[in-house]
Amino acid sequence: MDIYIYNTLTGKKEKFLPINDGKVGFYLCGPTVYDYFHIGNARPFVIFDVIRRYLEYLGYEVRYVVNLTDVDDKIIKRAKQEGKSVEEIATEYTEAYYEDIKKLGIKSATVNPKATEHISEMVKMIEILLEKGYAYRIDGDIYFDVSRYKEYGKLSGKKIDELVAGARVELVEGKKNPLDFALWKSPKEGEIFWDTPVGKGRPGWHLECSAMSMKYLGEEFDIHAGAEDLIFPHHENEIAQSVCTTGKKFVRYWMHIRFLKIGKEKMAKSLGNYFTAREVVDKYGKEAVRLFFLQKHYRNPINFDDKILYESRRAVSKIGVNYEKIKEFLEGKELDKIENETI
């Protein structure tokens, strides 16, 4: 059976041809563990869980990797607010993440790599990028030079000149280009850091995903997935630094999910217009939430709506009743002898 995937990189549907016959390397950008994830964050977790299960149903051996970002500006900020360590905050919300995906009926990933456990892999990438001339230092920080990667913007369809003109990035003295992004950040006073061959500091967010995905799936793998807001700059930056490190393609198929909206705006913690996944699941049940997400194509936006969730819960109840009726009808029967019977 042929499968076709809409590939964000090419902007068209393509026949799915995995690198290795019968096997699929699949990476999903996971949570930054500084808070409970909201129901909008749950959409990619649920949808890609279904896609992963479908590939397995078809007979593929799927290696499914979902990372955990456990060192990041947001975690550091939350730790300072609560007077806790970064490790304490990350541990608390990592445990909450596992609880919530279980509540959503999501199958455990093959691997859930943590950023803090892969610093050596990230440092190795930085060393290669510095040696090849794709990265440069500004005091203790290290930046990727986007002008050196000629295909930068290919995933998002953006041009560097246009991006520079409309750039809304933190101005850093000494940066060659406003779009150059941090591979390594030197520590501010009181911040967590690692003492490494490239200096004291911590990795940039984009670097984390590149290092962890290639660690568990190889320098080239089949599917990289996430929400649409990750296309630029996160996934664009992943491609640039990964391709320049290895000289290989990195990923064959890029899949992105549209936002869950509330009213006319995307649901986001920064906007304060969100509900946590755990409170929605507790109210409607995991089956209703999963059905709610599956009623719309993943590349279309979907509106959070209590009425639709209520109807999804009713539909789940009807499905359950009919399932039990079918089980009762089929009990003790041979399937090839019931073609002319009716329920």
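Quick notes
- Potential lengthening between Tyr57 and Arg314 on full extension [0.36 nm per residue; Cα-Cα distance subtracted]: 89.8 nm
- Prolate/oblate/rounded label for the stretch 215-311 (Cα gyration tensor, a/c 1.5): prolate
- Net charge, Arg258 excluded, C-beta distance under 15 Å - Lys, Arg +1, Asp, Glu -1: +3
- Rounded Å value of the spacing that divides the Cα centres of the stretch 199-215 and the stretch 1-51: 21
- Packing around the peptides 118-127, 218-227, 236-245, taken as the average count of other Cβ atoms within 10 Å per residue, puts them in this order, highest first: 236-245, 218-227, 118-127.
- Take every pair of alpha-carbon atoms less than 8 Å apart whose residues are at least six positions apart; their mean separation over the length of the chain yields a relative contact order of 21 percent.
- Here the peptides 200-212, 12-24, 41-53, 143-155 are ranked by packing, the mean other Cβ count within 10 Å, and the order with the highest first is 200-212, 41-53, 143-155, 12-24.
- The label point for Ile326 and the one for Asp73, both projected 7 Å from the Cα toward the Cβ, are 5.0 nm apart.
- Relative contact order computed over the stretch 167-298 (Cα-Cα under 8 Å; 6+ residues apart), in percent: 16
- Modelled FRET efficiency - R0 35 Å, Asp305 with Lys107, Cβ distances, 0.05 increments: 0.85
- Computed about the Cα centre, the dipole magnitude for the stretch 249-310 is approximately 420 debye when only Lys and Arg (+1) and Asp and Glu (-1) carry charge, each at its Cβ.
- Seen against the Cα atoms of the chain and their longest principal axis, helix 86-103 is set at about 20 degrees.
- Cα gyration tensor shape for the stretch 230-283, rounded if a/c is under 1.5, else prolate or oblate: prolate
- Exceeding the 21 Å Cα-Cα cut-off - candidates Lys77/Lys188; Lys286/Lys318; Lys158/Lys296; Lys215/Lys248; Lys12/Lys159; Lys124/Lys249: Lys158/Lys296
- Amide N of the stretch 190-229 lying under 19 Å from the label point, which is placed 7 angstrom from the Cα of Lys132 along Cα→Cβ: 198, 204-222
- Dmax and Rg, reported as Rg then Dmax, of the chain (C-alpha, Å): 22.3, 79
- The stretch between Lys84 and Lys159 holds 22.8 nm of extra length on full extension. This uses 0.36 nm per residue minus the Cα-Cα distance.
- Remark: the Glu220-Phe193 segment gains 6.7 nm on full extension, using 0.36 nm per residue and subtracting the alpha carbon distance.
- Taking each DSSP H run with n ≥ 4 as -39500 (n - 2.57) and averaging over every residue of the chain yields -12500 deg cm²/dmol at 222 nm.
- Counting only DSSP beta bridges with both residues in the chain, the antiparallel share comes to about 50 percent.
- Using the Cβ-Cβ distance between Glu117 and Glu228 with R0 set to 41 Å, the FRET efficiency works out to roughly 0.90.
FYI, it's all coordinate maths here, none of it is from the lab. Note that the structure is predicted; figures quoted are calculated from it, not measured. Virtual Cβ from ideal backbone geometry, glycine too; neighbours counted across all protein chains shown.
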